[in-house]
Every structure is written in C-alpha cells, then in structure tokens.
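Visitor: One structure, as structure tokens, below. Some questions next.
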Amino acid sequence: MLLLAAIFFILMFAGLPIAFAIGIAGFSFFLAAGTIPVSIGVQQVATASQSFPLLAVPFFVLAGHMMNRTGITPRLIACSNVLVSWMAGGLAQVCIVLSTLMGGVSGSAVADAAMEARILGPDMVRRGYSRGFTGAVIAVGSLITATIPPSLGLILYGFVGNVSIGKLFLAGVIPGLVMMAAMMLTAWLVARKRGYQSEGTALPSARDVWRAVCDAKWALLFPVILLVTIRGGIFTASEVGAFAVIYAVLVGVLLHRELTWTGLVEALGEAVLDVGVIMLIIVMSGMVGYAIIFEQAPQTIAAAMLGLTQEPLLVVLLILFFLFIAGLFVESTVLVLMLTPIFVPLVTRLGVDPVHFGILMMSVVTLGGMTPPVGVAMYTVCGILRCPVEEYFWESLPFLAAIMLVVFALALMPGVVLFLPNLLG
C-alpha cells in the first residue's frame, strides 16, 4: 500500500492527469505483488464500470448542463437578487443564495463556481468589491453544492460505501441551509466592516418575492421533486437522473422555450467531456479499491485509530482532520473513491451513522477544492476573475473558518443531519 501511495503522489505532483496517476499506481501494485495475476487488475477496471447506480453520474451531469441552457440560471439569479440584495454586501449575499439554489441544478461545486464567477463576478468587482473577496464568496460558497441534492459527491459516496443515496440527499438539505446561513452572516459582517453597500434600500414586498419565486418555480421545484420521487419509491437514484434530463428538456422546450438545438448539442458535448473525466477516474480506481481490500487497509487503519481512542466522536474528528489535509492535495472525487471503503466500515463499527458521516466527509473533502495548493474551484474562480491566489487566500479565511465551525457543530449534533432522513425514512 505504501508503494501504491508513493507512486500515485509522485505521478500526480509530476503533472500527470489524476486518472492516469491512479491507474499506473494501481497497475504497479499488481506488478509488484507477484502473487496476484495482472489480469485481475484489468478485470477490476472493467468491473468498476459495470454498475447500474453509476448511471446517475452521467445523467445528472447532462441534466446540469442542459438546465444552464433552459433559462433556469437567469431566473435563479433574479430570484436571489430579490430575496437578499437589500442586505449589506448585497451581491455577495446573492452569490451565496444562488449557490444554494444551484445545488439542486448543477450538482457540482466547480460548475457552480465557474458559472457565478463569469456572470456575477465582474459585476461585483465593478461595484467596488475586492477581487479576493469576490473570489472567496463565490468559491467557498459553492461548497454548499456538495451537500444540497443532487450532489455528485454524495452519489459516489453512496455507491462506493453502499449507503442509501436517497437518505444522503435528504440528509444534505439542512446542513446545506446551515452553511448558507453561516456564509451569509460572515459576508454581512465583512461587508459592514468595509462599507460594501446593499443593492436596495428596503425589504422586498411580498408581491416582488412571490413574482420572483413564481418565475423561478421550475428550478425551485426540481430538488423537491427529486427527493419526493426517490423517497417515495417512484425512482431509484439512477432513474431519477434520467428523469432529470427529461425534466430539463421539458422545461427548456415547452415551458421556458429557451432550449435551442444548438444549446442542446453544446450541452451534450460538455457533458461528454465531464463524464469522460469522472468515469475514467472511477474505473481506474477499481484497481486501487481491490488493492485496499487485498492489503486489509481498512482493518489496519481501524486498529491504529482505535489504539489511540475508542470514543466515536474523537475518531470521527481525527478522520475529518486527515480528510481535510488530504483534500489540500488530492481532488475530492479521488478521495471519495479511495477512502470511503476504508472509513465507512470503521465509523459504522463505532456506531456512527454512515449517512451522517457521509455529509461530514463530503463537506470536508470538497473544501479542499477551495484552498491552496491544488484547489480546482479556487484556481477556476481566480483565473476567471484575474485574482491573485494570495489575495484570494487571505480573503477566504473568514469563510473557511465559518464552514469549519459548521462542520464541527454538525459532527457534535448528528440529529440535525439525520432529522429529515429519520422523519421521512
């Protein structure tokens, strides 16, 4: 296992794409083991792709790209603007609320951050917000997408850890809203200190709110329909992904009448590229997953951690700390695929609900995408806004601290995370 990890990190820091770094490291394990036929490694690559639940990934990726071309995004921006632009730091508040609403559409933190950086970022800079503050609000705010359904990370966690995806979706709603509130409070405090003004003078009227909500109703209804159909037994997680694509087409063609043939072709092309990257990582991880089980890594790590303490909360906090450090260097998808088989049996053995742990894990590993040195969302936003990474980092610290406090509180209060799954399960 140490050889596998060493080869992976050497290749990754050498600039090799993550999927190939994983594949070469996994294949090296079979070559070095001597007792395992190399053909089994190839079989594991094929086996990793033969999974019905994994169909949810390409379907939701495609649905997210199509919804961005159906007029949903402008309506969500308008709705967010009416709801919170009157607060101090109005546009920053709009970004945070939009991240929450887009979580039910895009399912991807990086996609959400890139979209907001292109659409709202330049306007924020023109209105006097610093580039670092603008980038921090957009990038760290996109973390909410990791918990609000349909989160692609939760789908992968549920698939690898054999955890109910429907329960994970339900469990992510309240933590996502709590993160939104923490981010909004932080943005309000910073805005008040720096004199960032609101975009309006008074609270919106009930009529304005109703009009904005009605205009965005098809986007706002999507996550509700998603949760109801999964928990009601109407669709599986994979089937609801296919439904999401059909829903996007119906909204774009019949209701908003903004989905064009050109837009459809562009959405398909972008989805193919995204799915290709994600699925290549997944299938290459099949060899690593086999190596982890063969070397009995879960049992070894469990014994080491339980040797330190058998208090469930302390073990969970130790794991989260390790995940946070790992997330600084490794992309979240890779961490979910490689570490879920190790940590889920461990926390389950200690009596920790795997649904509760899944929300904590996804929040922490996704946070790595917003931090140096290899944060994908961070570099995406900074590149679009032409913001120095150093300026972004210092401006992001209050928001990162707020998110860490929320994660710590959720670790202490599993009832908050599990309220909806227990209520509707």
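Visitor: Can you compute the modelled spin-label distance between Leu397 and Leu306, with each label point 7 Å from Cα toward Cβ, in nm?
Guide: 4.1
Visitor: Hey, if you put +1 on the Cβ of every Lys and Arg and -1 on every Asp and Glu Cβ in the chain, which of Ser80, Leu385, Thr300 ends up farthest toward the positive end of that dipole?
Guide: Ser80
Visitor: Using a 1.4 Å probe, how large is the accessible area of Met87, given in Å² and rounded to the nearest 10?
Guide: Surface accessible to solvent at Met87 totals approximately 40 Å².
Visitor: Also, I was wondering about something else. How big is the dipole moment of the chain about its Cα centre under a simple scheme where the beta carbon of each Lys and Arg is +1, that of each Asp and Glu is -1, and everything else is neutral? Debye, nearest 20, please.
Guide: 720
Visitor: Another one. With the cut-off at 1.5 for a/c, could you classify segment 210-256 from its C-alpha gyration tensor as rounded, prolate or oblate?
Guide: Verdict is oblate for segment 210-256.
Visitor: Pop the C-beta distance of Thr47 and Ser205 into the FRET formula with R0 = 51 Å and round what comes out to the nearest 0.05.
Guide: With R0 = 51 Å, the Cβ-Cβ based efficiency is 0.30.
Visitor: Still on this model: Cα axis of helix 376-385 to longest principal axis of the chain: angle in degrees, 0 to 90, nearest 10?
Guide: 30
Visitor: Follow-up question, since we're still on this one. Could you report segment 62-150's accessible area per residue, 1.4 Å probe, as an integer in Å²?
Guide: Here the per-residue accessible area is 22 Å².
Visitor: Hey, what number do you get for the chain at 222 nm if only DSSP H runs of n ≥ 4 count, each worth -39500 (n - 2.57), divided across all residues, to the nearest 500?
Guide: Rounded to the nearest 500, the figure is -25000 deg cm²/dmol.
Visitor: At 1.4 Å probe size, with every protein chain present, just tell me what the per residue accessible area of segment 322-425 comes to in Å².
Guide: It amounts to 38 Å² per residue over segment 322-425.
Visitor: Something else about it: Using Stokes-Einstein with the Kirkwood hydrodynamic radius over Cα pairs, what translational diffusion coefficient do you get for segment 56-424 at 25 °C and a viscosity of 0.890 mPa s, in µm²/s rounded to a whole number?
Guide: 118
Visitor: Which residues does a label at Ile234 reach in segment 240-283, if reach means a backbone N under 14 Å from a point 7 Å past the Cα toward the Cβ?
Guide: Output list for this probe position: 240-248.
Visitor: Ok, one more. Please give the length that would be gained between Ser39 and Gln197 if that part of the chain were fully extended, namely 0.36 nm times their separation in residues minus their C-alpha to C-alpha distance (nm, one decimal).
Guide: 50.6 nm
Visitor: Order Ile234, Ile282 by their accessible area, 1.4 angstrom probe, all chains in place, largest first.
Guide: Ranked list, largest accessible area first: Ile234, Ile282.
Visitor: Then there is this: Restricting attention to segment 88-158, which trypsin sites (Lys or Arg not before Pro) occupy a DSSP loop and are surrounded by at most 14 other Cβ atoms within 10 Å?
Guide: Arg127
Visitor: How much length would be gained if the chain were fully extended between Leu55 and Glu390, taking 0.36 nm per residue of separation minus their Cα-Cα distance, in nm to one decimal?
Guide: That pair, Leu55 and Glu390, stretches by 116.7 nm at full extension.
Visitor: Using 0.36 nm per residue, how much length does the chain from Glu266 to Leu250 gain when fully extended, once their Cα-Cα distance is taken away?
Guide: 4.0 nm
The values are calculated or read from the model by the stated rules, or taken from the named source; none is laboratory data. What you see is a predicted model, and the numbers here were worked out from it, not measured in a lab. Backbone-built Cβ (ideal geometry, glycine too); neighbour counts: all protein chains shown. Please note that ligands, DNA and RNA were not included when accessible areas were found on the heavy atoms of the full protein model with its side chains. Shrake-Rupley method; radii C 1.70, N 1.55, O 1.52, S 1.80 Å.
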